[in-house]
Amino acid sequence: MQPDFWHARWHNDEIGFHRSDIHPALRAYWRKAAVGADTPVLVPLCGKSLDLRWLAQRGHAVTGIELSEKAVPEFFYEADLEAQRKPALFEM
């Protein structure tokens, strides 16, 4: 992974990889995974994925980790949610 590449994509709004709906595989296979609603879920490199809200609506405590500082406020703004920021365990 090249951080500069991803920072540039977000900075230039070149985020064609962002889905306007829940990932179809998540919707199709999540029940089959039999993950209890009380199980926390980690979503690395989450961007502003709608999958985060979908998982939270099913009772999961969801933690998203994202490289782009632009993606995070966009997610919370679009979801009309308040962010909870925690210090990074390490800096890149």
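The values are calculated or read from the model by the stated rules, or taken from the named source; none is laboratory data. Note that the coordinates shown come from a computational prediction; the quantities given were computed from them, not determined experimentally. Note: ideal-geometry Cβ built from the backbone for every residue, glycine included; neighbour counts use all protein chains shown. Side chains are part of the model used for accessible areas, which takes the heavy atoms of the whole protein and leaves out ligands, DNA and RNA. Shrake-Rupley method; radii C 1.70, N 1.55, O 1.52, S 1.80 Å.
Data table
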read-out: Single unsatisfied condition, LEU81 versus (1) out of contact with any helix residue (DSSP H, G or I) (no Cβ under 6 Å at 6 or more places or on another chain); (2) outside any loop (DSSP other than H, G, I, E, B); (3) under 22 Å from ASP13 (Cβ atoms); value: (2)
read-out: Pairs with Cβ under 8 Å, 6+ apart, first in segment 1-28 and within 22 Å of ARG53 (Cβ to Cβ) and open to solvent by 100 Å² or more (accessible area, probe 1.4 Å), second in a helix (DSSP H, G or I) and at pLDDT 90 or above; value: ARG27/TRP54
read-out: Residue selected from segment 52-92 under the condition among the β-branched types (Val, Ile, Thr) and surrounded by fewer than 17 Cβ atoms within 10 Å (Cβ to Cβ), by the criterion farthest from THR39 (Cα to Cα); value: ILE65
read-out: Whichever residue in segment 34-49 is on the phi > 0 side of the Ramachandran plot and open to solvent by 50 Å² or more (accessible area, probe 1.4 Å) and, among such residues, is farthest from the chain's Cα centre (by Cα); value: ALA34
read-out: Any chance GLY16 is on the phi > 0 side of the Ramachandran plot, part of a loop (DSSP other than H, G, I, E, B) and within 16 Å of the chain's Cα centre (by Cα); value: no
